[in-house]
Amino acid sequence: AETHIMECDSLLLRNAFSNLSYLYNCVQDNLNYNIYAQKEVQLSVELGIVEDTNLSHLGESFLLLDSIDQASSLFDTLFLHQINGENPNIDILSNLLYNYSYLRNIPKATECESFIRNKFDVDSLNSKYLISLGWYYAITSKYDLAEKYYKRVLEESNNLEWKYCASRDLLYVLNSIGRSKDALYYGLFFAQISDSLNLGRSQERASSITNIYKYNRDKEEELKIKEEKMEYQKNMYRLIMVSIFFLLLITWYVIS
């Protein structure tokens with residue numbers, strides 16, 4: 001889409017940027033995640049259709065690059081949109097709860113958690129919310145509740161990625177409160193899930209795909225240059241032949 005930007009529908013291009021930012025996030029390529037999240041938001045602004053999911057991508061990508069001020073500003077904007085909007089989004093709110101908790105912004109995290117409880121049936125919410133809630137309770141020193149929600153994800157979810165997040169955070173929490181034996185158990189569980197997800201291989205594949213794309217693009221450009229050069233040479237040959245013809249014609253006319 002980028003290499004044919006004039007031929008590409010702007011909304012389609014924005015969605016392409018959005019999908020790329022998501023995919024780079026999946027393979028933990030944080031720099032490219034941020035680059036394409038910025039492109040996604042910039043084009044959304046130009047189109048006049050900025051959505052909270054666009055801002056969420058950008059805020060989280062800044063957080064992963066430790067650009068805390070930029071991330072916090074976007075999270076605050078997002079939270080205002082959610083509490084003032086007609087249809088608050090539980091996925092975005094769950095992300096905000098987790099991110100505020102990660103930043104140790106307890107007042108904002110508490111406000112976010114209270115808003116979710118007032119708007120949704122929390123007992124029926126998904127693993128993303130439960131993990132966010134676990135982290136919120138961990139940073140507010142309610143470790144029993146944090147452990148409860150993380151274990152609930154490990155027991156109820158069939159999604160390896162959620163189990164990966166829950167076991168990672170549970171390992172951190174239990175280790176931080178001195179429960180080393182329990183932390184070791186979940187550390188081993190975390191290692192097994194990490195091996196199953198094979199994130200390192202995913203990163204390698206993503207890099208290979210990018211390199212293959214660049215190689216093919218460079219080959220296409222090289223072929224195009226060769227074709228243009230050949231066409232130029234043909235045109236020059238035709239020009240020379242025409243010039244010689246007219247020169248001979250003029251010489252014949254003068255002599256005769």
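The values are calculated or read from the model by the stated rules, or taken from the named source; none is laboratory data. Since this is a predicted model, take the numbers as computed values, not measurements. A quick note on method: Cβ atoms are made from the backbone with ideal geometry, for glycine too, and the neighbour counts reach across all protein chains shown. For accessibility, only protein heavy atoms count, side chains too; no ligands or nucleic acids. Shrake-Rupley method; radii C 1.70, N 1.55, O 1.52, S 1.80 Å.
Using a 1.4 Å probe on the protein heavy atoms, what percent of the accessible area of the stretch 47-200 belongs to carbon and sulfur?
Details: 3840 of 7900 Å².
Accessible surface attributable to carbon and sulfur in the stretch 47-200 totals 49 percent.
If you average the sequence gap of Cα pairs under 8 Å that are 6 or more apart and divide by the length of the stretch 1-157, what percent do you get for the contact order?
Values: 157 pairs, mean separation 20.8, N = 157.
Dividing the mean separation by the residue count of the stretch 1-157 yields 13 percent.
Give me the extension gain from Ile5 to Leu188: residue separation times 0.36 nm, minus the current Cα-Cα distance, reported in nm with one decimal. Intermediate values should be presented prior to the final figure.
On the way: separation 183, 0.36 × 183 = 65.88 nm, distance 4.74 nm.
My answer for the length gained is 61.1 nm.
Using the eigenvalues of the Cα gyration tensor, what equivalent ellipsoid semi-axes result for the stretch 52-108 when each is taken as the square root of five times the eigenvalue, whole Å, largest first? Provide the component values of the computation, followed by the final result.
On the way: eigenvalues 61, 30, 17 Å².
Gyration-tensor ellipsoid for the stretch 52-108: 17, 12, 9 Å.
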If one computes the Cα centroid of the stretch 55-82 and of the stretch 90-142, what distance in Å separates the two points?
16 Å
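Filter the cross-link list Lys108/Lys181; Lys108/Lys163; Lys128/Lys181 down to pairs whose alpha-carbon distance in this structure exceeds 28 Å. Can you show the working numbers first?
Details: Lys108/Lys181 33 Å; Lys108/Lys163 26 Å; Lys128/Lys181 26 Å.
Flagged as over cut-off: Lys108/Lys181.
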Taking 0.36 nm per residue of separation between Tyr22 and Ile90 and subtracting their Cα-Cα distance, the length gained on full extension comes to 22.7 nm
Please identify the trypsin sites (Lys or Arg not before Pro) of the stretch 57-166 that satisfy two criteria: DSSP loop assignment and at most 13 other Cβ atoms within 10 Å. Which are they?
Arg104, Lys142
Cα atoms only, the stretch 1-94: Rg and Dmax in Å?
13.4, 39
Please sort 176-189, 52-65 by packing, taking for each peptide the average over its residues of neighbouring beta carbons within 10 angstrom, highest first.
52-65, 176-189
